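Read the figures in this text as sums done on the coordinates, not as results from a lab. Note that the coordinates shown come from a computational prediction; the quantities given were computed from them, not determined experimentally.
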Amino acid sequence: MLRYIKYSLFFNVGVLHAQDEIKTIERPWRVGLHYVGNIRNENVFSASYNGIMGLDVSYVFAQTQGVDFRSAIDLHFLSGRDADRTFTRWAVNDMVMLNPTLGASFKLSSKFRPYAHIGVALFKIKSEIPRSSLQLNDPFDPVFTPGATLEQSKSFHALTLQAGWEWNLFSDVQLRMGYTYLPIENNLNGHLLTFGLGYRL
């Protein structure tokens, strides 16, 4: 995870350096707190995790009339579910998904702004499988090893496509709702819904 954070910081620092030749933008930072909903889609990502909450930070590095160009980092906190099958049961660990993005928001009115971002999701799925669930449940069998577990993990690096809208409740406070699509692998797509508040610094 530390490696992923380092790559994300390099990604965003590079974008910030691009601002040197652009006029100073008043109050370019925005921080937010949001709820994450993971839509069930009959795959390992949607079946294994419940969305909990997330943090997001964005930085406007360029502006034109009616358009803000920005970089952002989203952290999504997901809670692992236990999955039951006929012969196995495994516990999926909780997860933090790191999602650096680039995008733009469009000023359609004094309060309403739709936005679109593209980025990369970085996360790892970890699970623990009891050895006893892989064998016959027979305490007289010497192969039976209660309590022992097998640990499995798999890292994913997935493109993310985001779209949503922001509504200015007050001068510095925004209501935000968004959708994130993750084409993780063939026939394995993630769908996240976010809803929360942001504050412009």
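Annotations for the structure displayed:
- Scanning residues 5 or more positions from Lys107 or on other chains, those with amide H under 5 Å from its amide H are Val67, Asp68, with H placed 1.01 Å from N in the peptide plane.
- Applying the Karplus relation 6.51 cos²θ - 1.76 cosθ + 1.60 with θ = phi - 60° to segment 30-44 yields 3J(HN,Hα) values of 9, 10, x, 10, 9, 8, 10, x, 9, 6, 5, 9, 6, 9, 5 Hz, where x marks Gly and Pro.
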